[in-house]
Amino acid sequence: MEKLDIVVVNLTRSHERRTAMRALLDPLGLPYRFFDAIDGRAKPHPLFSRFDPLKSEMRHGYILTPGELGCYASHYLLWEQCVAEDKPLLIFEDDVTLNDNFLSAYEVACDKIEKYGVIRFSRHKRRRWVRIESLSKGLDIIRLKIGPHGTSCYAVSPGAAKQLIETANVWFEPVDCHLDRFWRHGIYCYNIAPPPVIHAAQTVEKSEIWGGTARDEPSSRFRFRRKVYRIYDKTLRFMCNVRYFGRWRRMPK
């Protein structure tokens, strides 16, 4: 069983968060390292050329913020690193807390990551689910009907990272939405349950991505086209999920 390299995405100017993550991870006795996140608000990065603002507005009604672009670039670079080194990664963002089952979940992910490609350790939204595999110590691998949003913590294999890269030639949505788009890249939304990592609630003012500014109301342009895109996406998602029709469970509160 190959150990997962743990990487924490952190802006170099976010000293308090780096200190908090050290306090969180040091007691676990697992090696980890920090990845200097791309600061989209500081200066443009060459990867930002992949962003298509028109497509973003057409598909979602908004344009990504510099913070969202920096977040996307940071995860994209780690996917490239995962492929180049041919080693799976456990990627953390720096605004999380851990549940008591984290170490057990870590061992599960080490053993199962090549089988599942991406295993989410957290979820920002409750989604319908189906149990895929029952594990020891009260843990399950579940598949979510709809993506859970968020990139707070997830394990990724080199093969899955390659698929994520190959389907991210054009950026038009936040990186977590790309991760959720399983009908495009073929990497389904597998989650460890109960979730071992919890995203720490962040206000707009405290968010590094939002930088104190909330997103504007969706653009009124391309409204009909966006409806067509949503129907198209929902149809493809349904086709990928049809084998579990009638088996989805409601996630408890």
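Tabulated results
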item	result
Dipole-positive endmost among 218, 228, 138 within the chain (Cβ charges, Cα centre)	228
Cα gyration tensor shape of the range 89-152, rounded if a/c is under 1.5, else prolate or oblate by comparing a/b with b/c	rounded
Top positive-direction residue, dipole computed over the chain with Cβ charges, set 71, 182, 47	182
Rounded to the nearest 20 debye, dipole of the chain from Cβ charges on Lys, Arg, Asp, Glu	1560 debye
Theoretical ellipticity at 222 nm over the chain - DSSP helices of four or more residues, -39500 (n - 2.57) apiece, nearest 500	-11000 deg cm²/dmol
For P(r) over Cα pairs in 5 Å bins from 0, in percent, calculated from these coordinates, the label among (1) 1, 6, 12, 14, 15, 14, 12, 9, 6, 5, 3, 2, 1, 0, 0; (2) 1, 6, 13, 17, 20, 18, 14, 8, 3, 1, 0; (3) 1, 7, 15, 20, 22, 18, 11, 5, 2, 0, 0	(2)
Using a Förster distance of 25 Å, the FRET efficiency for residue 85-residue 166 (Cβ separation, nearest 0.05)	0.90
Estimated distance in nm for a label pair at residue 49 and residue 100, the labels positioned 7 Å out from Cα along Cα-to-Cβ	5.3 nm
Unsatisfied cross-links (Cα-Cα over 30 Å) in the set 115/145; 55/87; 55/234	55/87
Residues whose placed amide H lies under 5 Å from that of residue 34, excluding near-sequence neighbours	8
Cα→Cβ-extended label distance, 7 Å offset, between residue 231 and residue 114, nm	4.5 nm
Cα-centred dipole magnitude for the range 90-187, charges only on beta-carbon of K, R (+1) and D, E (-1), debye, nearest 20	580 debye
Relative contact order of the chain, defined on C-alpha pairs under 8 angstrom at six or more residues apart (%)	25 percent
Carbon/sulfur fraction of accessible area - the chain, other protein chains in place, 1.4 Å, %	53 percent
Heavy atoms of residue 3 accessible to a 1.4 Å probe, total area in Å² rounded to 10	100 Å²
Vicinal HN-Hα couplings computed from phi for the range 61-75 (Karplus, 6.51 cos²θ - 1.76 cosθ + 1.60; Hz; Gly/Pro x)	x, 8, 10, 4, 7, x, x, 5, 5, x, 5, 4, 4, 4, 5
Residue 247 accessible area, 1.4 Å probe, all protein chains in place, Å² to nearest 10	120 Å²
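The values are calculated or read from the model by the stated rules, or taken from the named source; none is laboratory data. Not measured: the values here are computed from a predicted model. When we count neighbours, we look across all protein chains shown, and the Cβ atoms used for this are built from the backbone with ideal geometry, even at glycine. Side chains included, ligands, DNA and RNA excluded: accessible areas come from the protein's heavy atoms. Shrake-Rupley method; radii C 1.70, N 1.55, O 1.52, S 1.80 Å.
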